[in-house]
Amino acid sequence: MSRISARRLRINGTVQGVGFRPFVYVLATDENLNGTVLNDGQGVETVLEGEEASIARFMKRLTTELPPLASIETIVSEEIEPSGFTEFKILESHSNAVSTVIPADAAVCRACLSELTNKNNRRYRYPFINCTHCGPRYTITAHLPYDRPQTSMKDFPMCSDCLEEYTDPLDRRFHAQPNACPVCGPHVTLLDKAGLPINTDDPLAEVMRRIKAGEIAAIKGLGGFHLVCDAKNAQAVSRLRERKKRPSKPFALMVQNTASARKIAEVSEEAQKLLESSAAPIVLLPKKPGADDHLVGIAPNLTHIGLMLPYTPIHWLLFFEAADRSEDPLWHEKPNDLTLVMTSANAGGEPLVISNAEAVRLLEGICDCFLVHNRDILIRCDDSVAQAKDNDVQYIRRARGLVPQAIALPFSGPSVIAAGAWLKNTACLTKGTHAYLTQHIGDLDRVSNDRTLEKAIRHLSEVFEIRPDYIACDLHPDFYSTVLAEKLANEFDVELIAVQHHHAHIAAVMAEHGLKEAVLGLALDGVGLGTDGKSWGGELLKVDPLGFERLKSLSPILLPGGDKCAREGWRMAYALLCQNGLAENAKRLFPFKGASIIERILASDLPIPESSSLGRIFDTAAALTGVKTHSSYEGEAPVLFQAAGYGTKGRVREDLLEFSESGVNFVPLLLNLTQYSSAAEASADFHETVAFALSRLALAAAEKTKIRKVCLSGGCCLNTRLSRSLRNYLEGGSLSVYEGLRIPPNDGGVSLGQAYAVLMKLHSNNGV
C-alpha cells in the first residue's frame, strides 16, 4: 500500500467569490484526495491527504485549470502529519474571515448566456442571471466579508431552487452571492420620461421597440446607467448630442460580438481577446472605410471608434430581441446589425447616475424612457476604456471589470493612501505588497466628484482594512485631492507627503513593472505644477528611490489666458506668431474674440503664464494647421491632430529643431506648420520630429548617466503614433522602454505613482 502524505496549502489571490472552493473540491475528489478547503481572512486554506503522486498532480492542475475569474498570487505549501480524513469537505468560512479581494464585476459567461436564451430553462430571459463565473461583485458590495448579507442582494431571499444551487459544491452557483431567479430575485421596470411606470408585460421588448423607433433610453447596468439609442439613426444620435450638450466627443458603441465589430472596425487578435474578456471594456479600434456612412455623428473626424460587447444579461436581451429571440443555440456568435450608442448617463461632467430616483431627476430632458431595476448599485463604476497597442493592451480608463484588482508591488511596505491628481482622478491605497486603485472618479472640478472621491477612498480602506501610515498628494495646493489628503492626514494623525506630478507619472510606470532602481523618465502631458512653481509637461527626469532630478525639458511657450488655453489652442498659436513678427498671419488665421487683448498683453509688461507642456504644444500645432482651434472636450485638438496624419509617413525635420543645455525648442517646428498645404503631412512630420527630438534627449542622458531603462508616461503617451516612434528610436539606441499599460499613463495612474514614490523612499531609507 502506498504511503499517505499530507499537505496544507495557503493560497492567496483572487480566490474568494469566484468558485474556487468547488474547484478545489472537484480537483481533490478527481485525484482521490481527502481533506478540507475553507475561506479565511488571508485567502483559501486546503488540507490534502493521499498519495504523493496524486498531490503532485493536484498541485499542477491547481494553477493550470483555474476558474475564469480566479487568479493565484502565492501558494505556501507545508508538509504535515496525516489526520486520517476519509473524504474531502468544503468547510464554512471562519467567522472572522475577511476576504482579501472582492472580485471585479464580470461579463456574462457562456454558460449563463446559453441558459438565458434557452426557452426551456427556468431563467429564460431573466435579466439578472449569474453564477460564480460572472455577474456583479464589486458594485453591489457594501462591506466585507463578501457574503450576500453584505451586498445589495440582501433584500432578495433565495427560493428553494436557488438555495439548493447555492449550497451544492458541485453546482456552478455554489456560493454565488448574487444568485437569483424570476421567483426570488430583482426585476426590471420601464418608466416614461416623467418617471411613471409604463404599462407593459415585457419591459425589455418594449424598450427595444422604442430604441428602434428613435427614442433615447436610460438603462441601468452594473456600475451605473447608460444613455442608449440606435447608433445608425442619425436623428437620434443628433438629439442625444443636443440634449447632453456633447457636440463632438465620440460615443461608445455596443455590438453583439466580434463578428459584428468587424463590420465597423479592424479587430486584431489582441483586441478580440480584450473585447471578449470578463472585463469587457470599451476598446478603441481603427475604423473600417465607410463606417462613418452608417454611423453618422458617432466619432466625427476620428480614425478610431470605441466598441464594447454586451456584458450584462440586460444588454444580451436587447440583442436577443433584435435577433427575434432566435432558437439557434449559436445565435450570439453570428453577426447582428444592431449597433447601440452606450454612453455614460450623466449630465455635463457630473458623476455617473446610479439610483433610479437620481436617474429620473438628473436625466430629465435627456432621455425618453428609463429601464430600471430594484437591485441597488452601491459603488459607482464607469466602463473601462482600453486600446490595442501593437501586441499589447493599454488602458485609458480603469474602472468596471478591473477594480478592485490589486497591482503587485515589488516589496512590502507601510500603508499609503494617495489622493491622485485633478483630472481623470483615481486614488490609490497600499497594503503590504498590494496597491489598490479606486475606479475612475473623473475631474475634480465639481463638488459631486469630490464627494465621490472621498467615498471611494473610505470604501476601499474599509474593504481592505487599511489604516494609512502616510498620506500622499500632488504638489499643487489648490487641487481638491490635496485638500482631501490634508484632511485625511489630520484625521489619521500621519505625515502628509507631496509628490511632484511628473515624478508620480514615472513612478507609476515603475510600480507597474516592478522597477526599484534608477530610471530615466519622459513625462509628457498637459499640465503639472513643477518644483519651481511653474507649469511643466514636457520633462526628462532621472527618477530613483530617493526622488527625482529634472534633466531636460521643452522650451516653454506662452499661455495667454492661462487655463483657457487647454480648450482654446488658438491663443498659444496667436501669441507665438506675434512673438515672431507674424502678427498679420495671426490676425488672418485667428480672427477670434480676445485676439486684440492678447496683442495688448504681449506689448505690455504684464506677466503671461508659460508652460513646458507637450500637450499645449500639440494644441498649438492643431490650431496652426487649422485642424482644431477650439476644443469641446479635454484633449480633442491633439486627438484630431493625430488623426489628421493617420496613414501618412512622416519625416524628421531636424533642421527645425533647436537643442540647448536645458532641452529642446519646438518653436521653429511649430512656426513651419503654417507652410504646409496638407494637414496630413504636417501632422505626420510633426509627430516624427517630436519623437526624434525627445529620444535624442533621452539617449544623450542615458549615455551620461549609464541608465539604460526609460519610462514613458503622461497623457501624451496615449498618442500611439508618438509613443510607437519614441519606442522605436529608444530601443534602436539599445534602451529598455517601459510604458503604462495596465495602469493608464494619463492622470488616472498618478495616484499609484504618488504612493510608490513614497514607498520607494521609505524602503530605501530603511536600508532594505
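Computed from the coordinates by the stated procedures, all read-outs in this text should not be read as laboratory data. Quantities reported herein were computed from a predicted structural model and do not represent experimental measurements. Cβ: placed from backbone, ideal geometry, glycine included. Neighbour counts: every protein chain shown.
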* **For q = 0.05, 0.11 Å⁻¹, Debye-computed log10 I/I(0) when each Cα of the chain counts as one equal scatterer** => -0.27, -1.27
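Can you compute the FRET efficiency between Ser660 and Leu582 using 1/(1 + (r/R0)^6), with r the Cβ-Cβ distance and R0 = 25 Å? Round to the nearest 0.05.
0.65
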* Just need log10 I(q)/I(0) for segment 477-551 at q = 0.13 Å⁻¹, Debye formula, equal scatterers on the alpha-carbon atoms, no solvent, rounded to two decimals. => -0.45
* **In order through segment 193-207: 3J(HN,Hα) via Karplus (6.51 cos²θ - 1.76 cosθ + 1.60), integer Hz, x for Gly, Pro** => 5, 8, x, 9, x, 8, 6, 8, 7, 9, x, 5, 5, 5, 5
* **the chain: angle of helix 614-624 to the longest principal axis, Cα-based, in degrees nearest 10** => 60
* Asked: Lys/Arg Cβ at +1, Asp/Glu Cβ at -1, dipole of the chain taken about the Cα centre: which of Ser448, Ala194, Leu673 is farthest positive-ward?
  -> Leu673
* To do: Would you kindly derive the ³J(HN,Hα) couplings of segment 362-369 from the backbone phi angles with the Karplus curve 6.51 cos²θ - 1.76 cosθ + 1.60 (θ = phi - 60°), listing them in order in whole Hz, with x for Gly and Pro?
  => 8, 9, 4, x, 9, 10, 9, 7
* For helix 20-30, report the angle its Cα long axis makes with the longest principal axis of the Cα atoms of the chain; keep it between 0 and 90° and round to the nearest 10°. => 50
* **Likely footprinting exposure, Arg137, Arg467, Arg172, Arg708, fewest C-beta neighbours within 10 Å first** => Arg467, Arg708, Arg172, Arg137
* Structure fact -> The exposure ranking of Ile497, Ile198, Ile506, fewest beta-carbon neighbours within 10 Å first, is Ile198, Ile497, Ile506
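So, counting K/R as plus one and D/E as minus one, what does the shell of residues with Cβ under 14 Å around Ala279 add up to?
Details: positive: Arg137, Lys273, Arg397, Arg398, Arg400, Arg742; negative: Asp105, Glu270, Glu276, Asp382, Asp383.
Value of the local net charge: +1.
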* To do: Of the DSSP beta bridges with both residues in the chain, give the percent that are antiparallel, rounding to the nearest 5.
  => 70
* With everything on Cα atoms, drop me the angle between helix 313-322 and the longest principal axis of the chain, reported from 0 to 90° to the nearest 10. => 80
* Mean residue ellipticity (222 nm) of the chain, computed from DSSP H runs ≥ 4 via -39,500 (n - 2.57), nearest 500 -> -9500 deg cm²/dmol
* Asked: In the chain, with Lys and Arg counted as +1 and Asp and Glu as -1 at Cβ, which of these residues, Leu460, Ala104, Ala595, has the Cα nearest the positive end of the dipole, that is, farthest along it?
  -> Ala595
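For Ile396, Ile617, Ile211, which order do you get if you count the other beta carbons within 10 Å of each Cβ and list the fewest first? Could the numbers behind the result be given before it?
Values: Ile396 21, Ile617 29, Ile211 26.
Result, fewest neighbours first: Ile396, Ile211, Ile617.
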* Asked: Under 25 Å Cα-Cα from Lys709, which lysines qualify once same-chain neighbours fewer than 8 residues away are excluded?
  -> Lys389, Lys516, Lys542, Lys552, Lys761
* To do: List, in order, the whole-Hz ³J(HN,Hα) value for each residue of segment 450-456 obtained from phi through the Karplus relation with A = 6.51, B = -1.76, C = 1.60 and θ = phi - 60°; use x for Gly and Pro.
  => 4, 5, 4, 4, 4, 4, 5
* **Reachable lysines from Lys244, criterion Cα separation under 24 angstrom, eight or more residues apart if same chain** => Lys193, Lys212, Lys220, Lys232, Lys424, Lys564, Lys628
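Run the dipole for segment 145-204 about the Cα centre, Lys and Arg Cβ at +1, Asp and Glu Cβ at -1, nothing else charged, and hand back the magnitude in debye, nearest 20. Before the final figure, lay out the partial values.
On the way: 5 positive and 10 negative charges, 54 e Å.
That gives segment 145-204 a dipole magnitude of about 260 debye.
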* Asked: If Lys and Arg each add +1 and Asp and Glu each add -1, what is the summed charge of the other residues whose beta carbon sits under 12 Å from the beta carbon of His440?
  -> +1
* Using +1 at the Cβ of each Lys and Arg and -1 at the Cβ of each Asp and Glu in segment 4-90, identify which of Pro22, Gly35, Val76 lies farthest towards the dipole's positive end. => Pro22
* Using only the alpha carbon atoms of segment 521-739, find the Kirkwood hydrodynamic radius as the inverse mean reciprocal pair distance, in angstroms to one decimal. => 17.5
* Asked: Near Lys334, which aspartates and glutamates are there with a Cα under 16 Å away, not counting those fewer than 8 places off in the same chain?
  -> Glu276, Glu321, Asp324
* Counting other Cβ atoms within 10 Å, which trypsin sites (Lys or Arg not before Pro) in segment 1-54 have at most 13 and lie in a DSSP loop? -> Arg3
* How big is the charge dipole of the chain about its Cα centre, in debye rounded to the nearest 20, if each Lys and Arg gets +1 on its Cβ and each Asp and Glu gets -1 on its Cβ? -> 1420
